[in-house]
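Below is one structure, written out as structure tokens, with a few remarks after it.
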Amino acid sequence: MSIRLSSKLFHLLKKTSCALCSKRCFGVKINPEDVDPFMAPYSESPKDQQRLYVWGMAEHGALGDLKIRSRERQIQFIYRPVRLRFSYSHKIKDLACGYGFTVYAVESNQYKLFGCGLNTDSQIGYHDPRKGHPLGLILAPVPIQLPLKEPNTKIKAVAAGRAHTLVLTNTEGVYALGSNCYGQCGRKIIENEDYSKLRNMNNIKLDDGISKIICGQDHSLFITKTGKVYACGWGADGQTGLGHYNNESQPTIVEGDIKDEKIVKVVSSADCVLALNDQGDVFGWGNSEYGQLLLDSDKYQVNTPRKLLLNKAVGKIIDIGATGSSCIALNDEGVVFVWGFGILGKGPDMNRSREPTPIPPILFGRNQYNPETKVKSVYGGIFHMAAITSEGNLYTWGKNKWGQLGLGHVKDQYFPLQVSVGAAVKRVSCGVDHMVALCTPYQ
């Protein structure tokens, strides 16, 4: 798809009528059959206080836009943010991008979890319009039935890996669905199990209670209410942090240098893991082939957590992210630091850094006219990074083969560049080839 076609679609979106209020926007008469039920028009309705934007690879359905894909079959990518109606009728509590699929937790008394995209391993539930013929591709968000014991149970968070999904509830622990070929769903590995027809979900509970969930590529991590970390799944590069390189099918406590620490955040998009404690210290384990764990030796895998020796200039860290080959950290002054290998956001001539190096704040909009602007949160996908500023502006940089940066093209981006979202971005999720953003109107 060309940039011109993407722009055309964006302007068409602004002209669609609202199926909910039957109003015509911009004086354009719309045939009701042409109204896209998954597209949201611009509106001043009180229900419009939450907005959902998606972009990137569209072919596998992870963007949840059935109409665009069926109407323009040659379209494989959406290069710019496209707003979906889904958030207009569902209050989204959390979202997560997996490898070619997306899951949404919503506030509802009926359907509380939705998913779309690739479903080859039942990572977004079992769906079979014809008995015995499960769908491996779902082009629009569909409800995912959870085996909840109580109807009042609420979903607090979701996480997505390569082919598995974790769902955190307020009273029933975590539900894990999808592929368990490495034990990433926290249950015993069954040889030759057919995940495409998997109807059951594993219920995971820990004595200390679970407060946060994280999916790596083929492993899972859990933070308890007391700040302890548990892990299960693929451990060939030490990413489970359990002191060995074998797979672990049951959530097991992770110790090492984080044994006596209160961990508040853990991130992992591939096979490298970073953890942040309540004092602003960073720990890491897993793959360090590209220098992600700041080791002095040539050791490329670390199977137990170790504290990263950050220099004093970095300061107190308040947020972290990890790509497949690099890391990103944010300090309490709003300065972003990057290290590792790949597109780090400091130009085409810098593709490797053996220590954290800052990205100039001016690249995130801080200048003499906006001296108070600073980055509030950072994110890492497999091939790209993202940051959200105090004004709600989203910046992305990195590999852009599928348009996952949302910049209107598929060229790699070597410096942080603002994405034209059209709303204040509150949170994003970075998939391999797509992104989703939850936003509110600018004040």
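Please tell me if Y369 is within 21 Å of E255 (Cα to Cα) and open to solvent by 40 Å² or more (accessible area, probe 1.4 Å).
For Y369, the condition - within 21 Å of E255 (Cα to Cα) and open to solvent by 40 Å² or more (accessible area, probe 1.4 Å) - is not met.
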What number goes with the only condition from (1) in a loop (DSSP other than H, G, I, E, B); (2) buried (at least 19 other Cβ atoms within 10 Å of the Cβ); (3) polar (S, T, N, Q) that N152 does not pass? (2)
Checked region 422-443 for anything outside any strand (DSSP E or B), within 17 Å of R80 (Cβ to Cβ) and open to solvent by 10 Å² or more (accessible area, probe 1.4 Å); matches are G422, D433
Can you give me the number of residues within region 111-137 that are in contact (Cβ under 8 Å) with a residue 12 or more places away in the chain and open to solvent by 50 Å² or more (accessible area, probe 1.4 Å)? 5
Would you check which residues across region 257-281 are closer than 21 Å to G209 by Cβ, touching a residue at least 12 places away in the same chain (Cβ under 8 Å) and charged (D, E, K, R) and list them? E261, K262, K265, D278
If you go through Y79, Y53, Y88, the only one that is touching a Cys at 6+ places or on another chain (Cβ under 7 Å), of a type outside the set (D, E) and at pLDDT 50 or above is Y53
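In region 348-376, which residues are of a type in the set (G, A, S) and outside any strand (DSSP E or B)?
Selection gives G365 alone.
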Flag for V335 being open to solvent by less than 10 Å² (accessible area, probe 1.4 Å) and out of contact with any Phe, Trp or Tyr (no Cβ under 9 Å at 6 or more places or on another chain): no
Residue under question is G243, and the condition is that it be touching a strand residue (DSSP E or B) at 6+ places or on another chain (Cβ under 9 Å) and either surrounded by 18 or more Cβ atoms within 10 Å (Cβ to Cβ) or modelled with pLDDT of 95 or more (or both); does it hold? no
Checked region 293-347 for anything in a strand (DSSP E or B), within 18 Å of A270 (Cβ to Cβ) and β-branched (V, I, T); matches are V302, I320, I328, V338
From the option list L295, L274, L310, single residue qualifying as out of contact with any Asp or Glu (no Cβ under 9 Å at 6 or more places or on another chain), open to solvent by 10 Å² or more (accessible area, probe 1.4 Å), over 25 Å from D121 (Cβ atoms) and among the hydrophobic types (A, V, I, L, M, F, W, C) is L295
Can you go through K225, K188 and tell me which one is open to solvent by 10 Å² or more (accessible area, probe 1.4 Å), in contact with a Gly (Cβ under 6 Å, 6 or more places away or on another chain) and of a type in the set (D, E, K, R)? K225
For region 250-266, check the following and say yes or no: at least one residue is farther than 21 Å from I320 by Cα, part of a loop (DSSP other than H, G, I, E, B) and either of a type in the set (V, I, T) or modelled with pLDDT under 95 (or both). no
Would you call V142 hydrophobic (A, V, I, L, M, F, W, C), surrounded by 22 or more Cβ atoms within 10 Å (Cβ to Cβ) and part of a strand (DSSP E or B)? no
For region 405-418, what are the residues that are part of a loop (DSSP other than H, G, I, E, B) and over 21 Å from G324 (Cβ atoms)? G408, H409
Do the conditions hold for G321, that is, is it under 19 Å from S377 (Cα atoms), in contact with a Gly (Cβ under 7 Å, 6 or more places away or on another chain) and either open to solvent by less than 20 Å² (accessible area, probe 1.4 Å) or without any contact (Cβ under 8 Å) to a residue 24 or more places away in the chain (or both)? yes
Region 281-292, subset open to solvent by less than 10 Å² (accessible area, probe 1.4 Å) and in a loop (DSSP other than H, G, I, E, B), residue farthest from I343 (Cα to Cα): S288
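The values are calculated or read from the model by the stated rules, or taken from the named source; none is laboratory data. The model shown is predicted, which means the values in this text are computed figures rather than measured ones. Heads up, the Cβs are rebuilt from the backbone with ideal geometry, glycines too, and the neighbour counts pull from every protein chain shown. The protein model used for the area step is the full one, side chains on, heavy atoms only, and it has no ligands, DNA or RNA in it. Shrake-Rupley method; radii C 1.70, N 1.55, O 1.52, S 1.80 Å.
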